[in-house]
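Report on the following structure.
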Amino acid sequence: MQSSKLTGFRTSDILYYISVPMTESVRTFHDGFSQNFLEITEDFKGYLQYMKGLRYEGVALSAEALSILGDWDRWAMGETLDMIQKDLGNCQRCKLHKRRKHIVFGAGNPRAKLVLVGEAPGHEEDIQGQPFVGEAGQLLTKVLRAIGLTREDVYICNVIKCRPPGNRNPEPDEIATCIPFLRRQLRAIRPKLICALGTFAAQTLLGTNIPISRLRGHFHTYEGIRLLPTYHPAFLLRNPSKKRDVWEDMQKLQKAYERV
């Protein structure tokens with residue numbers, strides 16, 4: 001295996017990264033690890049302090065390790081949706097930026113217990129810069145109201161932030177470019193539940209090719225969060241006979257929501 005290029009990194013810098021006081025989100029992250037891991041971390045910290053006392057200036061780290069340490073400061077400080085949106089900026093990371101009118105980042109309660117994830121913005125969303133504001137969005141609002149929720153109670157976003165031309169399906173390179181921002185949004189919100197609306201949202205978050213018809217109706221797990229796939233509201237507009245299935249899914253979601 002080809003070795004990674006090593007880069008110098010100061011001992012004092014490493015000590016900073018592993019000594020930053022943990023926010024609630026990082027503490028929750030650490031709670032998932034064993035006590036042995038935390039003890040190893042403390043031992044490593046002590047070793048670095050010892051080396052610093054000997055005036056040892058630094059250690060050689062791979063580019064991958066430097067990248068992880070570079071991200072640690074963001075995790076430790078508790079990344080917010082505003083920080084993520086600022087990082088996204090006037091995104092030109094994939095070809096979809098060429099024909100979009102607005103980036104559709106997401107909307108709703110930044111502390112929501114429930115996040116709904118769709119596929120991509122449509123025509124109306126592209127014009128207004130808000131998720132689910134077209135006909136499918138109106139149906140989604142009604143569905144939420146039927147289980148006692150409003151759009152202000154939840155957070156709504158998409159896998160893709162820019163409208164694909166002609167509302168075509170997102171392409172693999174577009175999903176790969178955009179999915180890190182969705183994952184960061186979910187980590188910033190830390191919801192108790194996720195509802196994946198449609199094939200692309202469900203398959204992308206669950207890392208599977210299983211059809212939505214088989215995924216729906218059952219809770220799955222995404223990074224420790226319960227995730228319920230169901231049909232996309234736009235699909236219901238074309239296939240009204242599937243509304244019964246979605247209503248069954250929403251009743252399960254409502255019961256789970258009331259318990260969290």
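First check a/c for the range 122-187, with a ≥ b ≥ c the square roots of the eigenvalues of its C-alpha gyration tensor; if it is under 1.5, answer rounded, and if not, answer prolate when a/b is larger than b/c or oblate otherwise.
Values: a/c = 2.51, a/b = 1.42, b/c = 1.77.
Note, shape of the range 122-187 comes out oblate.
Based on the Cβ-Cβ distance of residue 128 and residue 168, what FRET efficiency does E = 1/(1 + (r/R0)^6) give at R0 = 25 Å, to the nearest 0.05? Before the final figure, lay out each step's value.
Working: r = 20 Å, r/R0 = 0.81.
My answer for the efficiency is 0.80.
Please go through the residue pairs 95/161; 192/255; 142/255; 101/142; 113/255; 142/252 and name each one whose alpha carbons sit more than 22 Å apart in this structure.
Working: 95/161 12 Å; 192/255 13 Å; 142/255 18 Å; 101/142 27 Å; 113/255 13 Å; 142/252 17 Å.
Distance filter (> 22 Å) returns 101/142.
Only bridges with both residues in the range 81-259 count here: give the DSSP antiparallel percent, nearest 5.
Numbers: 5 of 18 bridges.
Around 30 percent of the beta bridges assigned by DSSP in the range 81-259 are antiparallel ones.
Counting alpha carbon pairs within less than 8 Å and at least 6 residues apart, what relative contact order, in whole percent, applies to the range 81-259? Mind showing how you got there, number by number?
Working: 296 pairs, mean separation 42.8, N = 179.
It rounds to 24 percent for the range 81-259.
If we count every other residue with Cβ under 12 angstrom of residue 134's Cβ, Lys/Arg +1 and Asp/Glu -1, where does the sum land? Don't jump to the answer; show the numbers that get you there.
Details: positive: 163; negative: 124, 125, 126, 135.
Here the count lands on -3.
List 228, 114 from most exposed to least, where exposure is judged by having the fewest other Cβ atoms within 10 Å.
Working: 228 21, 114 25.
Least to most surrounded, the residues fall as 228, 114.
Given axes a ≥ b ≥ c from the Cα gyration tensor, I'd like to know whether the range 173-260 is rounded (a/c under 1.5), prolate (a/b larger than b/c) or oblate.
Values: a/c = 1.99, a/b = 1.20, b/c = 1.66.
Note, shape of the range 173-260 comes out oblate.
Could you give the length gained by full extension between residue 219 and residue 239, i.e. 0.36 nm per residue of separation minus their alpha carbon distance, to one decimal place? Mind showing how you got there, number by number?
Working: separation 20, 0.36 × 20 = 7.20 nm, distance 2.30 nm.
Gain on stretching residue 219 to residue 239: 4.9 nm.
Just to confirm the filter: which trypsin sites (Lys or Arg not before Pro) across the range 89-162 are DSSP coil and have at most 14 other Cβ within 10 angstrom of their Cβ? Intermediate results must be reported in sequence, preceding the final value.
Working: sites: 93, 95, 98, 99, 100, 101, 111, 113, 142, 145, 151, 161; in loops: 93, 99, 100, 101, 111, 113, 151, 161.
When the trypsin sites (Lys or Arg not before Pro) of the range 89-162 are filtered for loop state and at most 14 Cβ neighbours within 10 Å, 99, 101, 111 remain.
Near the amide H of residue 154, under 5 Å away, which other amide H atoms are found, from residues 5 or more places off or on another chain, if H is placed in the peptide plane?
Amide H neighbours of residue 154: 109.
Net charge near residue 201: determine it from the other residues with C-beta under 12 Å of the C-beta of residue 201, scoring Lys and Arg +1 and Asp and Glu -1.
Every neighbour counted, the sum reads 0.
Net charge within 10 Å of residue 91 by Cβ-Cβ distance, Lys/Arg positive one each and Asp/Glu negative one each, not counting residue 91 itself?
Numbers: positive: 93, 100, 161; negative: 87.
Net of charged neighbours comes to +2.
Coordinate-derived values only; no laboratory data. Note that the structure is a prediction, hence the values are computed from the model and not measured. FYI the Cβ positions are ideal-geometry reconstructions off the backbone, even for glycines, and counts take in every protein chain you see.
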